[in-house]
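Accompanying notes for the structure given below.
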Amino acid sequence: MVLLGYIDEPVGDEPTSLQDIFVGGQPSYFKDVKPPTELTTCKNCGRHLSLLLEAFAPFHDELYDRIIYVFMCPKAECSKKNGSVRAIRSVCKDPTLMDENRSQVEQEAEERVVEPVKDLFGELKLDSNPFASANPFASGNPFDKKEKVETPKKVTSQPEPTISSIEPQSTTKPKKTSQDSFPSFFLYVEEETVSPKKFNLPSNIEIDESVLDAEIETEGSAKLKGSDIKQAIDDDDTFNTFTEKVEHNPSQVLRYHLGGKPLLYNSKDGIYQTIIKEKVQGKQFELQIMPKLIMDIETDDFEMDWGTIIVYTDTNDAIELDKEYVGYKEEWCGVQYEQWNSPL
Ligand SMILES: [Zn+2]
């Protein structure tokens, strides 16, 4: 199941909570434990990175909490430079909080008991969580406390669903302001729906034949002929597929599909090669940020030109925890940029 994130209300004076999914602004951290500075600095200029995305993303039916962060250097000269966009995974395995989550999970399990049993187990079976065998339903009786009535937990003021149905303890902190932060918006998440209508992008593209012999200066030393560009467009099914898929839900700024496949923006770069050859060792696709976000958060000071930002995370979710039971780990982050042919 692919989940799509859309821009919701701006993050105003109301603080974000750890259970929110939002773009821009300031990150919030489990127990206010900040990640090591070396994980949140630009590898190109050494400057502190700005938050692009914070996504609360606990594994379904797992008790511990988990957040994916994507950071980007706000300096224009670092655009397209290695290490100017970085992804970090954080988990919190505090036993006390996990106990509280257990109650929540059990309560949800109770609610599902009224569903046909077939559906319950079907859902569990289809769960893409690689830890399915370690989930609380597999290791013990999830219903042994079902007579216990839990007070509903405090939920965030935002009505949008989170990626997971687990609602752990809410921790809020005051929002800070910073001139280096991107404009901030909450996201709401919905399952992707694809209408049967077939979009056909190439038919919308018209090539001015007179430019086919013109030479176009590219960033490198090579000069490309217009006719080469037309050929490239015809060949690049990847970009067409990307566009066609996005056309179904053009406002999407986030795609989430743990263990699924990313929607690749082009087939011409190293990121594409790495992904299709399955060389992201020990990791699985988790989410990607979509270019519509540029329209929402780009400022005059910082123009963005990426096509998509793809994040792969550890398949086993392993992480080293500190004494607060909080851990941080950098994850694989691949940025596909706008190609020389895409603006046509
Ligand atoms: Zn930088």
Share of Cα-Cα pairs in region 249-329 lying beyond 21 Å, as whole percent = 44 percent
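Using a 10 Å cut-off on Cβ atoms, rank the peptides 1-10, 313-322 from the highest mean neighbour count down. Intermediate results must be reported in sequence, preceding the final value.
Details: 1-10: 17.9, 313-322: 14.2.
Descending packing order for the listed peptides: 1-10, 313-322.
Which net charge results for the neighbourhood of D305, defined as the other residues with beta-carbon distances under 11 angstrom from its beta-carbon, given Lys and Arg at +1 and Asp and Glu at -1? Display every interim value, and only then the final one.
Values: positive: K80; negative: E298, E303, E338.
That sum, taken over residues with Cβ under 11 Å, equals -2.
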Extension gain (nm, one decimal) between D13 and K261, 0.36 nm per residue minus Cα-Cα = 85.6 nm
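For D180 and Q281, compute 0.36 nm times the residue count separating them, minus their Cα-Cα distance, and round to one decimal in nm. Before the final figure, lay out each step's value.
Working: separation 101, 0.36 × 101 = 36.36 nm, distance 3.35 nm.
33.0 nm is the gain from fully extending D180 to Q281.
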How high is the FRET efficiency from E324 to K43, r the C-beta distance, R0 41 Å, rounded to 0.05?
-> 0.95
What order do you get for 87-94, 63-70, 101-108 when each peptide is scored by the mean count of other beta carbon atoms within 10 Å, highest first?
-> 63-70, 87-94, 101-108
Which of K43/K75; K261/K283; K31/K261; K245/K329; K245/K292 have a Cα-Cα distance over 23 Å?
-> K31/K261; K245/K329
Report the net charge of residues surrounding T41, where surrounding means a beta-carbon distance below 15 angstrom and charges are Lys +1, Arg +1, Asp -1, Glu -1.
-> +3
Taking V23, V11 and counting other beta carbon atoms within 10 angstrom, the fewest-first order is V11, V23
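No lab work stands behind these numbers, since they all come straight from the coordinates. Keep in mind the model is a prediction, meaning the values are calculated, not measured. Positions of Cβ are generated from backbone atoms using ideal geometry, with glycine treated the same way; all protein chains shown enter the neighbour counts.
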